[in-house]
Amino acid sequence: MSRLSDANVALAKDIIRRYPRPKSALIPLLHLAQEQEGWVSDEAMAHLGELVGVTAAEVRGTCTFYEMFKLHPVGKYMVNICTNIACQLLGGEELLHHAEQTLGIRAGGTTNDGLFTIEDVECIAACTEAPCIQVNYRFGLRLTHDDFDDIIAALRAGNTPEKLITANPGEVIPSHGTLGLSRQVMTEVQTTHIVAPEQVTEAPVWLATSSKDS
Amino acid sequence: MATGQYVPHAPGYVDSPGEKIVTSRFVYDDSYTLERYEATGGYEGFKAALQKAPDDVHSITRDATLLGRGGAGFPAGIKWGFCPDDVWPRYLVVNGDESEPGTYKDRLLMELDPHQLIEGCLIACYAIGLTQCFLYVRGEMAVAQQRIADALNEAYAKGYIGQNVLGTDFSVDIVLHWGAGAYIVGEETALIESLEGNRGMPRLKPPFFPAAVGLYGQPTIVNNVETLSNLPWLMNNGADKYKEFGSETSPGTRMFAVSGQVKRPGVYEVEQGVTTYEDLIYGNDYCQGMLDGRELKMFVPGGGSAPWLFPEHVKLPLEARPVGAAGTMLGSGAIVIMDDTTDAVKACLRIVRFFARESCGKCAPCREGTSWEEKILQRILDGHGRPGDLDLLLDIGDNISPGPYPVAGFEAEGLEPVPFPPRQTTICPLGPSSVAPITSALRRFRHEFEAKIAAANETSVEVIA
């Protein structure tokens, strides 16, 4: 719907400086756009193209390869239910079916109130804790159908569900688009020596000195 | 320190007896903080490395035979040596895009001990002259990203990363990068494409491997999270001590995620080559046997890409060579246990569906073949199987991976086993991986497929013209 805000443009420029070539920042920047809007719009992609110096079509080319980027609005909470082999063995498909029944939507759909989108996803790396889900990429492990209902009820009430694991205890579950709640910080001074590869022609100084010694 | 216990603040990890090289801090509920890390010997390995010449640090890694933990099991020290002598700069890319079905060890290492990984990166960069490191974390792992971001900020503030680290002439930058949901990006050349801001499609290799021509065409070392996490311990204790654990060809420990129908599934760090599948599945310190007293039917020995193993194989040691000789692979250390209530067709379909969904679309045999495989298996499962379907499945598989496919269980039929890896008509191993569950299931449980097809054809309604 819109281009990046001024604050996010500043952040985007910070991120671009960390890479020897600007296009490398594209995936983090697409996440930033998704963080701002909850999805990635055409305008956002065009804006990112301007920022890293590629066409809007190239941005779209990258964006459409990756499943996490949504090209249309989705729910405030993305509920990803794993049905891959380890979860399938312990009730992942039944949990997905329960979620579909409870929320009244099929996998891929969004509830009418715009709160929940559910997806039938591939392995999310919590196989010993099957069946598992992620809500905006926060884990819920070994869930019963009642646990699932509790999570949905807590989110509807605006609370952090007890069954979801956050980096620090009791942290809020941010809206869809925000991943980690903290960012790596690199100052302009710290990034001054990150340059395009063609600007570097010599071995780093500590290797050069050590070979002289030996 | 309790052993054999579930660790509540590290859901999934189960502490077990024996030396812990990479999971030693998981028993602390503040394992991810710099405070805990420094109080338990953190950054000492890096400081020890800085006292040595870079070549010596490289030699220790080579001498320890530190095998890559991502799946292929290539020795890290040898890989490091493949960088051409006079091409600069060189980069390090950390592969934290873990998404092989059944696998999770890197996520725990990133969430629970991010400083250990950072220290490993620093040691690798110092040893082979890498000036910038990109820590590529899987997009879906929000907690890992947050913990690593915090850890990097702390490490920069403490002077472990940056210019003239700890007063030496060593300078390095580590940048947190994260993906957006694509399994194939775990393949090292696809990872590099993705890091360049492109669609994550693998590059053709040989001739150019990333160590020679990688990120931006520069020499690039791509190492797995668990591989790098071994380095701090290795620098503190030396290669000889490292080789006291594990077997001769696979020294050290490995993390195994054992999931599926067992009593106590979990991620265990065990010695390679010494422990067997049987120990893990039935041992009291490990999974404690099958769920509800049922019988083992088959198991995935090393991630969704690995051909299945069967009950007669449980005595195989957890070591790359014997498992490879048996016709499968230790892969990413993901073991999925299936009991006798499991429908072989359904399990096979679910793994094939994964590869069909995750095929990047670059090579036709995989792009077309994996979705045909999925459709055929789906119709067999749904009761619409056709008489020629099993031959068709094998034919499609042969198109992706020509010739005999490695499948354990040949011995029982008096045949020579076909060792891993399979041949491929594709750039990367994703397509051939989709053939593994099909050939495994068909060799052992063909009757289950045939019964479903026969039932489908008995109940067909005659069409009245």
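The values are calculated or read from the model by the stated rules, or taken from the named source; none is laboratory data. Predicted, not measured: the structure shown is a model, and the values here were computed from it. Reconstructed Cβ throughout: ideal geometry from the backbone, glycine too, with neighbour counts over all protein chains shown. Accessible surface areas use protein heavy atoms only, side chains included; no ligands, DNA or RNA. Shrake-Rupley method; radii C 1.70, N 1.55, O 1.52, S 1.80 Å.
When a/c reaches 1.5 or more, the comparison of a/b and b/c decides; with that in mind, is chain B rounded, prolate or oblate per its Cα gyration tensor? Prolate is the answer for chain B, as a/c is 1.5 or above and a/b outweighs b/c. With the cut-off at 1.5 for a/c, could you classify region A:6-63 from its C-alpha gyration tensor as rounded, prolate or oblate? Oblate, since a/c reaches 1.5 and b/c is not below a/b. Between the helical axis of B:344-358 and the dominant principal axis of chain B, each derived from Cα atoms, what acute angle in degrees is found, rounded to the nearest 10? The helix B:344-358 is inclined about 50 degrees to chain B. For chain A, the relative contact order is 20 percent, taking Cα pairs closer than 8 Å that sit 6 or more residues apart in sequence and dividing their mean separation by the residue count. Taking only the Cα atoms of region B:253-339, the radius of gyration and Dmax are 11.3, 33 Å.
Taking the DSSP beta bridges with both ends in region B:34-242, the antiparallel portion is around 10 percent. Seen against the Cα atoms of chain A and their longest principal axis, helix A:145-156 is set at about 70 degrees.
Measuring with a 1.4 angstrom probe and ignoring ligands and nucleic acids, B:TYR156 comes out at about 20 Å² accessible. Shown for region A:181-205: residues covered by the partner protein chains by 50 Å² or more of accessible area relative to the chain by itself (probe radius 1.4 Å), namely A:SER182, A:GLN184, A:HIS193, A:PRO197. Shown for chain A: cysteine residues without a partner Cβ closer than 4.7 Å, namely A:CYS63, A:CYS123, A:CYS127, A:CYS132. Counting only protein heavy atoms and using a 1.4 Å probe, the accessible area of B:MET235 comes to about 10 Å².
The residues packed around A:MET68, meaning those with a beta-carbon under 13 Å from its beta-carbon, carry a net charge of -4 if Lys and Arg are +1 and Asp and Glu are -1.
Each residue, B:LEU204 and B:ASP29, gets one label point 7 Å from its Cα in the Cβ direction; the gap between the two is 5.7 nm.
Short-range pairs are left out: with C-alpha atoms under 8 Å and at least six residues apart, the relative contact order of region B:1-147 is 26 percent. Over the Cα atoms of region B:1-58, the radius of gyration divided by the Kirkwood radius equals 1.09; this is the Rg/Rh ratio. Could you compute how much accessible surface A:ASP146 exposes when probed at 1.4 Å, giving the result in Å² to the nearest 10? Here the accessible area works out near 110 Å². With the alpha-carbon atoms of region A:69-214 aligned to their principal axes, the span from lowest to highest coordinate is 70, 33, 31 Å, starting with the largest. Between chain B and chain A, the total buried accessible area stands at approximately 6200 Å², from heavy atoms with a 1.4 Å probe.
The reciprocal of the average 1/r between distinct C-alpha atoms defines the Kirkwood hydrodynamic radius, which for region B:159-242 equals 15.1 Å. Per residue, chain B exposes an accessible area of 34 Å² to a 1.4 Å probe, with every protein chain left in place. Between A:GLU162 and B:GLU413, the simple label model (points 7 Å from Cα in the Cβ direction) yields a spacing of 5.4 nm. Could you give the distance between the Cα centres of region A:51-78 and region B:408-430, to the whole Å? Region A:51-78 and region B:408-430 have Cα centres spaced 39 Å from each other. Ranked by the mean number of other Cβ atoms within 10 Å per residue, highest first, peptides B:209-215, B:326-332, A:198-204 order as B:326-332, B:209-215, A:198-204.
Calculate what fraction, in whole %, of the accessible area of the protein assembly as shown sits on carbon and sulfur atoms when a 1.4 Å probe is rolled over the protein chains. So the carbon and sulfur contribution to the accessible surface is 52 percent.
Averaged over the residues of peptide B:148-159, the number of Cβ atoms from other protein chains lying within 10 Å of each residue's Cβ is 3.
Taken over region B:179-317, the alpha-carbon convex hull comes to 162 cubic angstrom per residue. Evaluated with a Cβ-only charge set (Lys, Arg +1; Asp, Glu -1), the protein assembly as shown carries a dipole of roughly 840 debye about its Cα centre, given to the nearest 20. Rounded to whole Å, the principal axis extents of the Cα atoms in the protein assembly as shown read 84, 59, 50, largest first. As I understand it, the value is the acute angle between the Cα axis of helix B:114-128 and the longest principal axis of the Cα atoms of chain B; what does it come to in degrees, rounded to 10? Orientation of helix B:114-128: about 70 degrees from the principal axis. Rounded to the nearest 0.05, the FRET efficiency derived from the C-beta distance between B:GLU38 and A:ALA57 at R0 = 60 Å is 0.80. For the set B:SER59, B:SER250, solvent exposure ranked by accessible area (probe 1.4 Å, protein chains only) runs largest to smallest as B:SER59, B:SER250.
Can you classify region B:34-242 as rounded, prolate or oblate using the Cα gyration tensor, where a ≥ b ≥ c are the square roots of its eigenvalues, rounded means a/c under 1.5, and otherwise it's prolate if a/b beats b/c and oblate if not? Since a/c stays below 1.5, the shape of region B:34-242 is classed as rounded.
Solvent-accessible area per residue in region A:6-63 equals 35 Å², computed with a 1.4 angstrom probe and all protein chains kept.
Total lysine pairs in region B:268-412 at Cα distances under 27 Å, for residues eight or more apart or on different chains: 6.
Annotation for B:LYS263 and A:HIS193: the two label points, set 7 Å from Cα along the Cα-Cβ direction, are 5.7 nm apart.
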